Amino acid sequence: MSIQLEQGEYNTYYSTYTSKAEYVNVVEGLQIGKKEFVDFVNTIPKEKMEYRYAEEKWTIAEVLQHVIDTERIFAYRALRFARNDKTAILGFEQNDYVPNSNANNRSVEELVNDFKITRDNSISLFNSFTEEMLTRIGEASGSPMSTRAVGYILAGHQIHHVNIIKERYL
């Protein structure tokens, strides 16, 4: 059984991710996802980390860094929403982040460790939220978003990128 987010808790753009996050509890989803992601990344041959499946596409290392960067940005959004901060949050341009990420100069071990630390922080953050905080709505990228929607987006975003790596890179 999965959680049913209410209409208006997030922009339908994020349905690609929320539809993959079939967990009853946000924290449970983030915990399960942490183990699955780390286990998966550790199966990727190191020589594949700088592989691109097409010109101008990200390398596997850059995809991994993108997952980490997105988690950090969205966790910040969750914190703001949970604290009832009504200030609108601007979006971010992921394609500007990747070339400036230094991902291709980082080892798999560094990326995995960075992900684990980032995910542990997200888990701790979401564990601190009350039910009321989880349902608070803020604004990000011009659309409403609830705190709990952020958690499901994070869980599904990770799954989405694992699937892309499996389908296009390996």
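The values are calculated or read from the model by the stated rules, or taken from the named source; none is laboratory data. Since the structure is predicted, the reported quantities are computational estimates derived from the model, not experimental observations. Backbone-built Cβ (ideal geometry, glycine too); neighbour counts: all protein chains shown. Areas reflect the complete protein model, heavy atoms only, side chains present, ligands, DNA and RNA absent. Shrake-Rupley method; radii C 1.70, N 1.55, O 1.52, S 1.80 Å.
Remarks
- Selection within segment 120-141 - part of a loop (DSSP other than H, G, I, E, B), surrounded by 19 or more Cβ atoms within 10 Å (Cβ to Cβ) and in contact with a strand residue (DSSP E or B) (Cβ under 7 Å, 6 or more places away or on another chain): ARG136
- Of all the residues in segment 90-119, those that are touching a residue at least 40 places away in the same chain (Cβ under 8 Å), closer than 21 Å to ILE44 by Cβ and either of a type in the set (A, V, I, L, M, F, W, C) or open to solvent by 70 Å² or more (accessible area, probe 1.4 Å) (or both) number 7.
- Test for GLY8: is it surrounded by fewer than 19 Cβ atoms within 10 Å (Cβ to Cβ) and either in contact with an Asp or Glu (Cβ under 7 Å, 6 or more places away or on another chain) or at pLDDT below 95 (or both): yes
- Matching option when the condition is touching a Pro at 6+ places or on another chain (Cβ under 9 Å), under 17 Å from ASN113 (Cα atoms) and not hydrophobic (A, V, I, L, M, F, W, C), among GLU62, GLU36, GLU9: GLU62
- For beta carbons closer than 7 Å, sequence separation of 6+ or different chains, a first residue in segment 144-158 that is within 10 Å of PHE81 (Cβ to Cβ) and open to solvent by 10 Å² or more (accessible area, probe 1.4 Å) and a second that is part of a helix (DSSP H, G or I) and aliphatic (A, V, I, L, M), the qualifying pairs are ARG148/VAL26; ARG148/LEU134.
- Top-ranked residue of segment 36-77 - restricted to ones that are under 14 Å from the mean Cα position of the chain (by Cα) and free of Cβ contacts under 8 Å to residues at least 24 places away in the same chain, ranked as surrounded by the fewest Cβ atoms within 10 Å (Cβ to Cβ): TYR76
- Selection count where residues are within 19 Å of the chain's Cα centre (by Cα), touching a residue at least 24 places away in the same chain (Cβ under 8 Å) and in a loop (DSSP other than H, G, I, E, B), scope segment 1-35: 9
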